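Report on the structure given below.
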Amino acid sequence: MSLQSLIGLGFTVSIFLGVLAVGMRVAPADLRYLLDDPFRLFRSLLAMSVLAPILAVLACKAFSLHPAVMVALVALAVAPVGALFSQAMLPLVAPGNFAYARGLFFASIVLSVFLTPLAVELIQAILGGHEHVHPLAVAKVVIGSVLLPLGIGFAIARWWPAAKRWNSAIQTVSSLVLAVCAVALLAIAWSHLGAVIREGTLPAIVIIVLIGLAVGHVLGGPEEDDRTVLAFATVSRHPGVAMTVASLTDQPMAPIGVLLAVIVGEIAVLPYELWRKRLRATGAVGHTLKKKMG
């Protein structure tokens, strides 16, 4: 087995374990939180599954991007929310408001089985490119890598509750495997990375992230925590799924494009993340003072 095949297998294992861990800790109340408010669900899907892909398409058309980067940006835009998403929200939202984050993760995974193939097909038609990905191939990837482990996680949580104590360990292994595979992939393609970075590539990625954050923030509704969660959900997609989808195209550098977009995106979200952390800390202090004065 080649090193590239091992890396691909590693990404698959990482995705499977990460989603399995999330499935083991998602509660029915988390799902009801999103489904009980149709308007919140509509706003969430509009931001993540409609406007985010459209934004990626517009950026690809506005900038002279390498085809591998174009495929990467589209793959990220239609991928489900990352498995570590709900954990990443821990320092950004109130302790009792994680249900929305977990509900978005569940909804994005279930709907990605249908939306991701359709979105990929539509975007390819709009871009008019030669890199055709069959919808059935994308559906198989999403079902096997995210929907199946999510269902297994639900079953384990229901029929073997004691196994939840392994949840953190499973998530840690998933994160380590993903990190090792990403570093290995970057090391292999480091000498070719410059070939996919054209003038405007980095600004295009930053613009996608910043506008995506703004879209999610505005559509998040009146609650500050909901704004934060949807903003990050709009731009925080599962890199492993995106790389797997990108690898189905005839652009061998597309997975590297995904890695590049993720790295630049993580830097681009820092100002918003720091702002929301500061707002959360100020709000928490204000709430504590009100309780003492009351």
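The values are calculated or read from the model by the stated rules, or taken from the named source; none is laboratory data. This structure is a prediction, so every number in the text was calculated from the model and none was measured. So basically every Cβ, Gly included, is an ideal-geometry build from the backbone, and we count neighbours across all protein chains shown.
Descriptive notes on the structure:
- Residue match in segment 245-259 (condition: at pLDDT below 80, hydroxyl-bearing (Ser, Thr, Tyr) and surrounded by 17 or more Cβ atoms within 10 Å (Cβ to Cβ)): yes
- Test: residue in segment 42-56 that is under 14 Å from the mean Cα position of the chain (by Cα), at pLDDT below 90, surrounded by 20 or more Cβ atoms within 10 Å (Cβ to Cβ) and polar (S, T, N, Q): yes
- Residues being over 18 Å from the mean Cα position of the chain (by Cα) and either crowded, with 21+ Cβ neighbours inside 10 Å or part of a helix (DSSP H, G or I) (or both) - total across segment 205-223: 1
- All conditions in (1) surrounded by fewer than 24 Cβ atoms within 10 Å (Cβ to Cβ); (2) modelled with pLDDT of 80 or more hold for Pro95, with the sole exception of (2).
- Of everything listed in (1) touching a Leu at 6+ places or on another chain (Cβ under 9 Å); (2) surrounded by fewer than 18 Cβ atoms within 10 Å (Cβ to Cβ), the single unmet condition for Leu3 is (1).
- If you go through segment 22-70 and keep only what is outside any helix (DSSP H, G or I), touching a residue at least 60 places away in the same chain (Cβ under 8 Å) and not hydroxyl-bearing (Ser, Thr, Tyr), you end up with Val26, Ala27, Phe63, Leu65, His66.
- Residues within segment 153-165 that are exposed (fewer than 14 other Cβ atoms within 10 Å of the Cβ), part of a helix (DSSP H, G or I) and hydrophobic (A, V, I, L, M, F, W, C), tallied: 4
- Residue within segment 187-202 that is among the hydrophobic types (A, V, I, L, M, F, W, C), within 28 Å of Lys140 (Cβ to Cβ), surrounded by fewer than 19 Cβ atoms within 10 Å (Cβ to Cβ) and out of contact with any strand residue (DSSP E or B) (no Cβ under 6 Å at 6 or more places or on another chain) present: yes
- Summed over segment 1-21, the residues that are within 20 Å of Arg237 (Cβ to Cβ) and either modelled with pLDDT of 80 or more or not in a helix (DSSP H, G or I) (or both) give a count of 11.
- Residue within segment 195-203 that is under 25 Å from Tyr33 (Cβ atoms), outside any helix (DSSP H, G or I) and modelled with pLDDT under 90 present: no
- Test result for Val81, surrounded by 18 or more Cβ atoms within 10 Å (Cβ to Cβ), over 11 Å from the mean Cα position of the chain (by Cα) and closer than 16 Å to Gly220 by Cβ: no
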